[in-house]
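Since the structure comes first, as structure tokens, the remarks are kept for the end.
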Amino acid sequence: MAIVAVSIAPVGEGVSVSPWVARALEVLAGQDRVRYQVGPMFTTLEGDLDEILRLIRAMHEAMFEGGARRVSTVIKIDDRRDRAQTMADKVAAVERRLAATQGEGAPGAGARPS
């Protein structure tokens, strides 16, 4: 199972990208095989890598179908094959580590998002 972060945005189509992000998310909403989580900078996808890459291509093309003349897409792939790992597993591992180091003055300890 792969976990993939993707950011897709048109270039030169104004300051706000939210209408374009919504267009890309419509592609994801129209399927049920790949799980996804929307974040402020990237959307994270979880599932079969081939299916994810097909979806990213469809999301990329949706920008052009919406009138964009230039599109920038950034993809980061975590393709772990030694064992299954989900988005939730990765977050839980970090949360466990933070809980274990709280109060120990661990490097980087400070303000955390609520």
Go over the candidates Gly47, Gly39, Gly66, Gly30 one by one and state the one that is small (Gly, Ala, Ser) and under 11 Å from Ala2 (Cβ atoms).
Gly47
Tell me whether segment 104-114 contains one or more residues that are at pLDDT below 95 and either within 17 Å of Met1 (Cα to Cα) or under 19 Å from the mean Cα position of the chain (by Cα) (or both).
yes
Does segment 1-39 hold any residues that are closer than 18 Å to Leu53 by Cβ and of a type in the set (Val, Ile, Thr), and which are they?
Ile3, Val4, Val6, Ile8, Val27, Val34
Got a sec? Which of Ile52, Ile77 is β-branched (Val, Ile, Thr) and in contact with a Leu (Cβ under 6 Å, 6 or more places away or on another chain)?
Ile52
Residue satisfying condition, being touching a helix residue (DSSP H, G or I) at 6+ places or on another chain (Cβ under 6 Å) and aliphatic (A, V, I, L, M), within set Val15, Val34, Val11, Val91:
Val34
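The values are calculated or read from the model by the stated rules, or taken from the named source; none is laboratory data. Just so we're clear, the structure is a prediction, and the values are computed from it rather than from any experiment. Quick reminder, even Gly has a Cβ in these numbers, built from the backbone with ideal geometry, and neighbours come from all protein chains shown.
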